[in-house]
């Protein structure tokens, strides 16, 4: 029979070992509230137009093309396209395969595949879509940003779609927006 001190010792030594053994280095699923927390920032102004201008300028500085901006709704949508590879020719197909493998490692995309007889498909573009909501909250303005990334193949079909859920990405974005708000307030 174990004494209370023995039980405590087993729990203290055994439980951490269990969590280490069961850990698969996978991200734990985030709740909607956790995601919303890092996708949202508040700014010390109730001037929605000023904040929207700062967001627009930040997106444009980062290479996004603004597709839609509706001040009444506080809605901004934008996209950014990155070319992953150039068109294929029969002369340099092996070179393209090598580049596709490199991009697969960098962007975690798949390598070329033959989905139809005689037709080679490969990842060609990465498209990042932004959807941003700007809302007045009394003396403050709240901004919520959502980014999605798509990998499109040479036929324009998506081969991969995922939500950008990197907290540091959003922190960097909001740091740029914060600077943009400062610049807008100064009229620069």
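Would you be able to tell me the number of residues in region 159-176 that are farther than 26 Å from residue 125 by Cβ and surrounded by 16 or more Cβ atoms within 10 Å (Cβ to Cβ)?
Residues meeting the conditions: 1.
With the structure loaded, tell me whether residue 148 is in contact with a strand residue (DSSP E or B) (Cβ under 6 Å, 6 or more places away or on another chain), modelled with pLDDT of 60 or more and either under 20 Å from residue 58 (Cα atoms) or crowded, with 17+ Cβ neighbours inside 10 Å (or both) or whether it fails that test.
yes
The values are calculated or read from the model by the stated rules, or taken from the named source; none is laboratory data. In this text, all values refer to a predicted model and were calculated from it rather than measured experimentally. Note that we place each Cβ from the backbone using ideal geometry, even for glycine, and neighbour counts take in every protein chain shown.
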